[in-house]
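What follows is a short report on a single structure.
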Amino acid sequence: MSLLTRMDATPEQVFDHYRQVNLIDASRQPTGAALAVQNPATGAILGQAAASDAAETDAAVRSARIAQRAWATLPARSRGKQVAAAARAIADRAELIAQVLARETGKAIRTECRGEVAVAADIVEFYGGLGSELKGQTVPYHPRMLTMTSREPLGVVAAIVPWNVPLVLFALKVAPALVAGNSVVVKSSEEAPFATFLMAELMMQHLPAGVLNVINGTGAVCGEALTGNPDVAKITFTGSEAVGEHINRVAAGRIIPVSLELGGKSPMIVCADADLDKAIAGAVSGMRFTRQGQSCTAASRIYVHDSLMAPFMEELKQALDRLVIGDPLDEATDVGTIINARQLASIQKYIALAEATEGARILRFGQMPSSPHLAPDLFLQPTILTGLPEDHPCVMEEIFGPVAVVQGWSDFDAVVARANSTHYGLAASLWTRSLSTALDGTARLDAGYVQVNQNLTIQPNVSYGGFGRSGQGKEASLEAMLEHFTRLKTIVMNFD
Ligand code: NAD
């Protein structure tokens with residue numbers, strides 16, 4: 001019986017199943033080289049993932065190019081139904097996927113991984129129902145001519161994902177691309193590839209061979225080969241600003257469309273009339289402390305009205321002290337580990353900069369775990385920085401760790417200007433009971449995703465994407481599928 005159908009399959013069997021293989025043309029194809037994948041919570045090597053070279057990457061694009069022709073000719077609703085069936089396959093094996101994800105990312109199973117699988121399945125299901133929305137328009141050009149537009153697929157889409165929420169980001173790219181009639185080659189994150197492979201192979205059981213292919217490898221070899229392949233018609237990328245900028249140049253050189261979801265330094269403005277309890281809960285969830293702050297939308301700059309600062313800090317302290325840091329697989333754990341030593345060093349560099357700053361306070365919360373089977377190196381306590389100058393790197397730059405900056409304010413115009421002062425523009429939130437403050441603030445905040453009195457994560461039907469150097473293009477929503485995974489053709493018929 002195949003691993004995919006065995007309900008008693010274990011994460012260890014999954015790691016073994018994907019030992020040094022890519023998923024191309026609906027089959028596991030061996031690669032010449034491997035990349036070790038580590039469990040960040042224990043330091044143990046989980047398995048050996050594929051390290052695709054250029055030829056192995058090209059093989060995936062070739063498979064996708066061939067499969068796309070027939071896929072694009074299917075009625076759109078039929079494609080959607082197959083994608084919806086793929087969503088059910090994810091949901092059926094949600095626990096196994098979550099267990100694999102927790103082991104390779106160090107994210108806690110209860111607070112993060114199960115939820116991520118559920119959101120990914122929800123996104124895929126949502127797009128599965130949108131096949132019939134790939135509509136064109138008729139245009140009143142001339143009474144005796146038929147002038148219309150139609151939405152066509154682009155061809156082969158290259159989708160490149162990072163490690164922090166690999167499954168949700170996979171779903172946001174793959175599902176709309178497929179429903180729109182494209183085929184896809186996904187490059188998984190070399191830090192956390194196995195849950196992506198498992199989710200993809202489960203989906204492949206319901207899709208024609210070759211329309212979805214997943215390869216793993218380094219950015220420098222596999223990623224470069226993928227974005228440079230002349231048969232790739234579109235690149236959709238989520239990751240760091242530096243790599244996003246580079247990919248933007250590659251796409252410009254080839255004159256192909258590109259969507260980029262990059263970093264963020266999202267402000268959260270707490271007004272004097274805010275509901276304090278709601279704002280505290282929003283700060284903890286919005287900062288994604290249970291994801292170790294490894295989130296592009298993390299509410300990492302918290303501006304609290306001076307009149308609320310003392311109770312805000314007191315309640316925040318209590319809420320963060322309640323978080324249990326520990327084994328990601330333990331149901332009692334709220335907060336797991338940082339993904340790897342490189343990311344930890346980068347976070348600690350910022351904390352050291354704050355420590356070296358006169359007047360700064362560094363507050364750490366929660367207890368570090370001490371279990372003998374855990375490698376303590378990659379655990380980090382939720383940390384709050386206060387008393388920093390506004391141009392400090394910890395205030396202006398993305399830390400991508402459990403470190404939030406809390407600053408006071410008294411003048412609304414000035415705090416909005418401070419909120420808008422980084423080069424990012426991914427998300428922002430405003431906490432107030434006043435509708436006029438909410439309307440004024442949301443109009444002036446320079447971010448692609450602005451929320452009032454909540455800090456929710458991605459919803460399948462709500463456009464999500466950044467302004468400025470946070471990226472270009474949207475994900476989630478019908479518009480994202482139409483604008484980023486189709487091309488518009490104008491047809492003028494004259495039978496006069
Ligand atoms: P990263 O940019 O290092 O890597 C992301 C992906 O790009 C990986 O799969 C990697 O192998 C690949 N890659 C690297 N170099 C490449 C190249 N030259 N060509 C093609 N592909 C290449 O980012 P990361 O460290 O994996 O993820 C963390 C970053 O992702 C953070 O900066 C974060 O802000 C960002 N992020 C953004 C969003 C968003 O929606 N805006 C969501 C999650 C993460």
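Tally the residues that are crowded, with 24+ Cβ neighbours inside 10 Å and within 16 Å of the ligand (Cβ to nearest atom), restricting the search to the stretch 150-162.
Number of matching residues: 6.
Looking at Val403, Val415, Val462, which one is touching a Leu at 6+ places or on another chain (Cβ under 7 Å) and either surrounded by fewer than 16 Cβ atoms within 10 Å (Cβ to Cβ) or of a type in the set (A, V, I, L, M) (or both)?
Going through Val403, Val415, Val462 in turn, just one is touching a Leu at 6+ places or on another chain (Cβ under 7 Å) and either surrounded by fewer than 16 Cβ atoms within 10 Å (Cβ to Cβ) or of a type in the set (A, V, I, L, M) (or both): Val403.
Would you say Ser63 is buried (at least 16 other Cβ atoms within 10 Å of the Cβ) and part of a helix (DSSP H, G or I)?
It is true that Ser63 is buried (at least 16 other Cβ atoms within 10 Å of the Cβ) and part of a helix (DSSP H, G or I).
When you scan the stretch 416-427, do you find a residue that is under 24 Å from the mean Cα position of the chain (by Cα) and of a type in the set (Lys, Arg), even just one?
Checked against the condition, which is being under 24 Å from the mean Cα position of the chain (by Cα) and of a type in the set (Lys, Arg), the stretch 416-427 yields no hits at all.
What single numbered condition from (1) of a type in the set (Ser, Thr, Tyr); (2) touching a Lys or Arg at 6+ places or on another chain (Cβ under 8 Å); (3) near the ligand (Cβ under 9 Å from one of its atoms) fails to hold for Thr218?
It is condition (2) that Thr218 fails.
Here are some residues: Phe289, Phe312. Which one is under 18 Å from Gly366 (Cβ atoms), touching a Leu at 6+ places or on another chain (Cβ under 8 Å) and assigned by TED's automatic domain parsing to the domain that holds Asp330?
The match here is Phe289.
Among the residues of the stretch 245-253, is there at least one that is closer than 28 Å to Asp334 by Cβ, touching a strand residue (DSSP E or B) at 6+ places or on another chain (Cβ under 7 Å) and either part of a helix (DSSP H, G or I) or within 16 Å of the ligand (Cβ to nearest atom) (or both)?
no
Please go through the stretch 264-279 and give me each residue that is crowded, with 23+ Cβ neighbours inside 10 Å and either free of Cβ contacts under 8 Å to residues at least 40 places away in the same chain or assigned to a loop (DSSP other than H, G, I, E, B) (or both), ordered by number.
Of everything in the stretch 264-279, those that are crowded, with 23+ Cβ neighbours inside 10 Å and either free of Cβ contacts under 8 Å to residues at least 40 places away in the same chain or assigned to a loop (DSSP other than H, G, I, E, B) (or both) turn out to be Gly264, Lys265, Ser266, Ala274.
List the number of the failed condition for Thr147; all other conditions in (1) within 13 Å of the ligand (Cβ to nearest atom); (2) among the β-branched types (Val, Ile, Thr); (3) assigned to a strand (DSSP E or B); (4) surrounded by fewer than 24 Cβ atoms within 10 Å (Cβ to Cβ) hold.
For Thr147, the failing item is (1).
Would you mention how many residues in the stretch 230-241 are within 7 Å of the ligand (Cβ to nearest atom), among the small types (Gly, Ala, Ser) and not in a loop (DSSP other than H, G, I, E, B)?
0
Given the conditions (1) under 18 Å from Asp446 (Cα atoms); (2) of a type outside the set (A, V, I, L, M); (3) in contact with a strand residue (DSSP E or B) (Cβ under 8 Å, 6 or more places away or on another chain), and given that Glu398 satisfies all but one, which numbered condition is not satisfied?
Checking Glu398 against (1) under 18 Å from Asp446 (Cα atoms); (2) of a type outside the set (A, V, I, L, M); (3) in contact with a strand residue (DSSP E or B) (Cβ under 8 Å, 6 or more places away or on another chain), the one that fails is (3).
Run down Leu169, Leu212, Leu178 and say which single residue is buried (at least 23 other Cβ atoms within 10 Å of the Cβ), within 14 Å of the ligand (Cβ to nearest atom) and in contact (Cβ under 8 Å) with a residue 12 or more places away in the chain.
Residue meeting the stated conditions: Leu169.
Which of the following residues is surrounded by fewer than 16 Cβ atoms within 10 Å (Cβ to Cβ) and either of a type in the set (S, T, N, Q) or not assigned by TED's automatic domain parsing to the domain that holds Arg301 (or both): Ser429, Ser371?
Being surrounded by fewer than 16 Cβ atoms within 10 Å (Cβ to Cβ) and either of a type in the set (S, T, N, Q) or not assigned by TED's automatic domain parsing to the domain that holds Arg301 (or both) holds for just one of Ser429, Ser371, which is Ser371.
Specify the residue that is farthest from the ligand (Cβ to nearest atom); the eligible residues are those in the stretch 442-452 that are over 17 Å from His423 (Cβ atoms) and not hydrophobic (A, V, I, L, M, F, W, C).
Applying the filter and picking the extreme gives Arg444.
Scanning the stretch 181-209 for residues that are outside any loop (DSSP other than H, G, I, E, B) and charged (D, E, K, R), which turns out surrounded by the fewest Cβ atoms within 10 Å (Cβ to Cβ)?
Glu201
I need the full set of residues from the stretch 453-476 which are touching a strand residue (DSSP E or B) at 6+ places or on another chain (Cβ under 8 Å) and more than 14 Å from the ligand (Cβ to nearest atom), in order please.
Within the stretch 453-476, Asn453, Gln454, Asn455 qualify.
Regarding Thr432, is this residue polar (S, T, N, Q) and closer than 21 Å to Asn164 by Cβ?
In short, no.
Go through (1) surrounded by fewer than 19 Cβ atoms within 10 Å (Cβ to Cβ); (2) over 18 Å from the mean Cα position of the chain (by Cα) one by one and return the number of the condition Thr486 breaks.
Result: Thr486 passes all but (1).
Among the residues of the stretch 243-251, are any among the basic types (Lys, Arg) and surrounded by fewer than 22 Cβ atoms within 10 Å (Cβ to Cβ)?
yes
For Glu116, state whether it is crowded, with 20+ Cβ neighbours inside 10 Å, more than 16 Å from the ligand (Cβ to nearest atom), among the charged types (D, E, K, R) and part of a helix (DSSP H, G or I).
So Glu116 fails the test.
The values are calculated or read from the model by the stated rules, or taken from the named source; none is laboratory data. Note that the structure is predicted; figures quoted are calculated from it, not measured. Heads up, the Cβs are rebuilt from the backbone with ideal geometry, glycines too, and the neighbour counts pull from every protein chain shown.
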